[in-house]
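So the structure is just underneath, and the comments pick up after that.
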Amino acid sequence: MRRCASVSPHVNDGCQSNTIPVKRQRQSGNEKPKESMAQDEASASLSVTMDKPVCFIDTDSDGKLCVQQSALQILQQIQQPVVVVAVVGLYRTGKSYLMNRLAGKQTGFALGSTIESKTKGIWMWCVPHPTEAGTTLVLLDTEGLGDVDKGDPKHDINIFCLAVLLSSTLVYNSRGTIDNKAIMELQYVTELTECIKVKSSDKDADDSTEFVKFFPSFIWAVRDFTLELKINGKDATEDEYLDFALKMKHDNFCKFVFNDSSVKRLKDGYTVTGRVLGHLAKTYVDTISSGSVPCLENAVIAMAMIENEAAVKVGLQVYQSGMEKLKDSFPLELKDVSSKHQDLSSTATQAFMKRSFRDTEGKYLKSLEEKINELFNGYLCKNEQASKRRCEDLLSSLSAPMMEKLKKGFYANPGGYDLFCKDLEDIGKRYNSQANKEVKAEEVLEEFLKQKSVDSKAILQADKKLSEKEKKIKKEMEKAALLHQEIKAKEEKQRQLEEKMEAERQSNEERMRQMKEKMDEEMRLQKEETEHAMDKKLREQADLMQKGFKEKADMMKQEIEELRRRSTEAENNRAKEFALILENSSRRHEETMALMMQNHREQMMAILDKNTKSSDDCCIM
């Protein structure tokens, strides 16, 4: 082990003072997990650099804690993961000085030279992390504890609780020696289990064993260390004394904090960004101000709802913006629209997955899926409308000469019916060669032929060149031709339906793949969190046994067994939740496909029915 004590000038009183990190307890839940795709994206996300700190949490006119809107607006812009370092301790012990050093500045957080507490509430300073690219360092300077002039005895514990709840590393700053008095001043730590709940259920249950998962990394910094360094009457180095006092050492205070502080995470390893930190602060402060005890589980539930609703909006925005660009190219072939839909649907789901958190019932993913399908159907309609307009314009242009002949009575002469049929056939051939890829080509042609059948009947009836028998035959042939075109239009609809079914099948496969990947990642983080907590407990137990505290070690063993039981139960419940989500998603897909298949069968029956009445001959086409 390397041992070193850092020395820094104390700007408050002009004298030298040693700032010595004494005790550090590693936070199990805040260990850095393996990098994920979501974290890679976060590294390139927006960050904010502040020139000076701002008030984050203050007291209103009624004396209740409140979050400053200006600070929330700053945090809202930070989409990077955040390392949150909070400093707590008795007032006038130089906490603000430490935080200024962490910010790389000599000034910033307010410093005072009197016995009056200078910092009020909690102040915040967001700066780029000096050693972790793509990460923002959030420094929280808290109001000094133990100021009797505050009046409200609960104020100190509320400030301390907020520092614990919001930070990933908690620095406890004190002056003097590590003696019984110094330990007693840590009363706020011992009272945490009464002021913070891990779970909302089982009001009387002891969930103190769960704190190991969520308690931030703890650093005890002892300042103004002026004792004669002796152990049992023998001279000792600073490091030897520190090792004797609390079995701890460290290189340089700032370097140590930077290198060992982890990104703030919620339960199951969910990465906290500046935006999420702001929501958490608002949730905790509102809870404390209402007189209730802040609950980690409730905060996670509230955060999950906020983030999942936002994740749906993000996913929809990704999908809609892409489809809006595609809409400018309408009309397109169905396969082109479907292909783009699949790509954007996958990208939208991916964006949702990166932001979503504990969508335990899969209802938010379901909402995204339903809204995307609704939008997709809307874009299909718009594409069909554009295709219909183009086809109608094309037919109007191609049939213009024929319409001119109709106006002039060209087809009213004997033999006019055959001439009309010939012109109509030519229009059909030219139309098919130019509009064969339009989604509404067959349907528009069917409607056009039905409209022209009115003129056809009138011309046929007036044609004196044809006998009554010939007219009857011509009439039946025309009906067969119209029926033939109607069948072609239905067959095209059927082909398009089959294409949509295939697109839905592929989209569902991709969606299920991404869901499985997301669930595996969440399960991995949950397991990793449990393993770190278990490792911490086991090391504590081994340390107790080594020092001869067998009774306490046995009690610790019971805690470990209880932690192991709860963790196994939580993992099993999470696995069941994931299985249910996949099952529900699969069932929704099956229901969608069943409706499509029903539509498919009905269209097939209609085609078969029409085919029984159709004829192989066609005069018009």
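Pairing each residue of region 258-277 that is at negative phi with any residue that is surrounded by 23 or more Cβ atoms within 10 Å (Cβ to Cβ) and in a helix (DSSP H, G or I), provided the two are 6+ apart or on different chains, yields C-beta distances under 6 Å for Gly274/Leu75; Leu277/Leu75. All but one of (1) modelled with pLDDT of 85 or more; (2) in a helix (DSSP H, G or I) hold for Ala182; which doesn't? Ala182 satisfies all of (1) modelled with pLDDT of 85 or more; (2) in a helix (DSSP H, G or I) except (1). Being in contact with a Cys (Cβ under 8 Å, 6 or more places away or on another chain), assigned to a helix (DSSP H, G or I) and either surrounded by 15 or more Cβ atoms within 10 Å (Cβ to Cβ) or among the hydroxyl-bearing types (Ser, Thr, Tyr) (or both) is a property that does not hold for Leu406. The lone criterion from (1) part of a helix (DSSP H, G or I); (2) touching a residue at least 60 places away in the same chain (Cβ under 8 Å) left unmet by Ser367 is number (2).
For the condition touching a helix residue (DSSP H, G or I) at 6+ places or on another chain (Cβ under 8 Å) and in contact (Cβ under 8 Å) with a residue 12 or more places away in the chain, what is the one hit in Glu476, Glu522?
When all the criteria are applied, what remains is Glu522.
Arg566 meets the conditions (1) modelled with pLDDT under 80; (2) among the charged types (D, E, K, R); (3) closer than 25 Å to Val337 by Cβ in every case but one. The failed one is (3).
Taking region 525-536 as the search range and keeping residues that are out of contact with any Lys or Arg (no Cβ under 9 Å at 6 or more places or on another chain) and touching a residue at least 40 places away in the same chain (Cβ under 8 Å), which one is surrounded by the fewest Cβ atoms within 10 Å (Cβ to Cβ)?
Asp535
Given the structure, is Val127 at pLDDT below 85, out of contact with any Phe, Trp or Tyr (no Cβ under 9 Å at 6 or more places or on another chain), over 21 Å from Val285 (Cβ atoms) and hydrophobic (A, V, I, L, M, F, W, C)? In short, no.
Out of region 363-372, which residues are buried (at least 16 other Cβ atoms within 10 Å of the Cβ) and under 19 Å from Arg505 (Cα atoms)? Working first, answer last.
Within region 363-372, the first condition is being buried (at least 16 other Cβ atoms within 10 Å of the Cβ), and the residues that meet it are 364-369, 371-372.
Leu365, Lys366, Ser367, Leu368, Glu369, Lys371, Ile372 - these are the residues of region 363-372 that are buried (at least 16 other Cβ atoms within 10 Å of the Cβ) and under 19 Å from Arg505 (Cα atoms).
Restricting region 318-335 to residues that are without any contact (Cβ under 8 Å) to a residue 12 or more places away in the chain and either buried (at least 16 other Cβ atoms within 10 Å of the Cβ) or not acidic (Asp, Glu) (or both) leaves a set whose member that is nearest to Arg389 (Cα to Cα) is Ser329.
The set of residues in region 518-555 being aliphatic (A, V, I, L, M) and closer than 18 Å to Phe214 by Cα consists of Met523, Leu525, Ala533, Met534, Leu538.
Selection of first residues in region 552-564 that are part of a helix (DSSP H, G or I) and of second residues that are among the acidic types (Asp, Glu) and surrounded by 14 or more Cβ atoms within 10 Å (Cβ to Cβ), restricted to Cβ pairs under 8 Å at least 6 apart or on distinct chains, gives the following pairs, ordered by first then second residue: Met556/Glu540; Leu563/Glu210. Candidates are the residues of region 143-178 that are assigned to a strand (DSSP E or B) and modelled with pLDDT of 90 or more; the one that is surrounded by the most Cβ atoms within 10 Å (Cβ to Cβ) is Val171.
Just so you know, in region 286-295 the residues that are without any contact (Cβ under 8 Å) to a residue 40 or more places away in the chain and either touching a helix residue (DSSP H, G or I) at 6+ places or on another chain (Cβ under 6 Å) or not in a helix (DSSP H, G or I) (or both) include one that is farthest from Glu194 (Cα to Cα), and it is Ser290.
Is there a residue in region 103-110 that is modelled with pLDDT of 80 or more and aliphatic (A, V, I, L, M)? Within region 103-110 (the criterion being modelled with pLDDT of 80 or more and aliphatic (A, V, I, L, M)), the answer is yes, since at least one residue qualifies.
Would you pick out the residues in region 312-347 that are of a type in the set (Gly, Ala, Ser) and in contact with a Leu (Cβ under 7 Å, 6 or more places away or on another chain)?
Once the filter is applied, which keeps residues that are of a type in the set (Gly, Ala, Ser) and in contact with a Leu (Cβ under 7 Å, 6 or more places away or on another chain), region 312-347 yields Gly315, Gly322.
Pairing residues of region 445-461 that are modelled with pLDDT under 95 and among the hydroxyl-bearing types (Ser, Thr, Tyr) with residues that are surrounded by 15 or more Cβ atoms within 10 Å (Cβ to Cβ) and not in a helix (DSSP H, G or I), at Cβ distances under 8 Å and at least 6 apart in sequence or on separate chains, gives Ser456/Ile620.
A quick yes/no check of all residues on (1) assigned to a helix (DSSP H, G or I); (2) out of contact with any Asp or Glu (no Cβ under 6 Å at 6 or more places or on another chain); (3) charged (D, E, K, R):
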| position | (1), (2), (3) |
| --- | --- |
| Glu297 | yes, yes, yes |
| Ile301 | yes, yes, no |
| Met305 | yes, yes, no |
| Asn308 | yes, no, no |
| Gln320 | yes, yes, no |
| Glu324 | yes, yes, yes |
| Leu332 | no, yes, no |
| Val337 | yes, yes, no |
| Thr349 | yes, yes, no |
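For region 541-565, how many residues are surrounded by 13 or more Cβ atoms within 10 Å (Cβ to Cβ) and within 36 Å of the chain's Cα centre (by Cα)? Residues meeting the conditions: 5.
The values are calculated or read from the model by the stated rules, or taken from the named source; none is laboratory data. Keep in mind the model is a prediction, meaning the values are calculated, not measured. Note that we place each Cβ from the backbone using ideal geometry, even for glycine, and neighbour counts take in every protein chain shown.
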